[in-house]
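Student: Before I ask anything, let me first share the structure, which is written out below as structure tokens.
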Amino acid sequence: QVQLVESGGGLVQPGGSLRLSCAASGDIRTISVMGWFRQAPGKQRELVATITTRGTATYADSVKGRFTVSRDYTLNMLYLQMNSLKPEDTAVYYCNLQQVHTYWGQGTQVTVSS
């Protein structure tokens, strides 16, 4: 079993920054993909960014150049640095781990509003 716990969400003004963290514990395999997804009210959950064990990152077009995903393999931590935030980035952000099975965190709310 794997547990994922997100933190770092909150209220920020447009143009501001936030850093999300995800602590992973349990049966973390050597080869896995971790990532961030988000779900806004009334919308489907969507991919934000992923990063492989080798450090290869992919991003949704809507966040390229503004968000950076990173991973600390020794601490089993995943991060999402979010800069130049926009109101449309408002959503619940979920941490995701894909190995033999797929695991999700409980989510953390990010609200971008003036």
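The values are calculated or read from the model by the stated rules, or taken from the named source; none is laboratory data. Treat the numbers as computed from the prediction; the structure is a model and nothing was measured. Here the Cβ is made from the backbone with ideal geometry for all residues, glycine too, and neighbour counts use every protein chain on show. Areas reflect the complete protein model, heavy atoms only, side chains present, ligands, DNA and RNA absent. Shrake-Rupley method; radii C 1.70, N 1.55, O 1.52, S 1.80 Å.
Student: For 37, 67, give me the order by solvent-accessible area with a 1.4 Å probe, most accessible first, ignoring ligands, DNA and RNA.
Tutor: 37, 67
Student: Quote to one decimal, in nm, the extra length available between residue 102 and residue 75 on full extension: 0.36 nm per residue of separation minus the C-alpha distance between them.
Tutor: Additional length available on full extension: 7.8 nm.
Student: Suppose the Debye formula is applied to equal point scatterers at every Cα of the chain; what is log10 I(q)/I(0) at q = 0.11, 0.14 Å⁻¹?
Tutor: -0.31, -0.51
Student: Taking the Cα of residue 66, stepping 7 Å toward and past its beta carbon, and measuring to each backbone N in the stretch 33-54: which are under 19 Å?
Tutor: Only 36-50 fall inside the zone, counting backbone N under 19 Å.
Student: Based on the Cα atoms of the stretch 74-114, what semi-axes does the equivalent ellipsoid have, where each is the square root of 5 times one gyration tensor eigenvalue, given in whole Å with the largest first?
Tutor: Semi-axes from the Cα gyration tensor: 25, 13, 8 Å.
Student: Residue separation times 0.36 nm, minus the C-alpha to C-alpha distance between residue 1 and residue 57: what's the value?
Tutor: Contour length minus the Cα-Cα distance gives 17.7 nm.
Student: A further question on this structure: Ordering 86, 43, 64 from largest to smallest accessible area (1.4 angstrom probe), what's the sequence?
Tutor: These residues rank, largest area first, as 43, 64, 86.
Student: Please list, in order along the stretch 17-24, the HN-Hα scalar couplings obtained from phi with the Karplus expression 6.51 cos²θ - 1.76 cosθ + 1.60 (θ = phi - 60°), rounded to whole Hz, x for Gly and Pro.
Tutor: Those phi angles translate into 10, 9, 10, 8, 10, 9, 9, 9 Hz.
Student: Rounded to whole Å, give me the distance from the Cα center of the stretch 75-114 to that of the stretch 1-66.
Tutor: Centre-to-centre distance over Cα atoms comes out at 4 Å.
Student: Could I ask something else about it? For every other residue with a beta carbon closer than 12 angstrom to the beta carbon of residue 113, add +1 if it is Lys or Arg and -1 if Asp or Glu, then tell me the sum.
Tutor: So the environment of residue 113 carries a net charge of -1.
Student: Still on this structure, I have one more. Could you tell me the relative contact order of the chain? Use alpha-carbon pairs under 8 Å, at least six residues apart, and round to a whole percent.
Tutor: It rounds to 37 percent for the chain.
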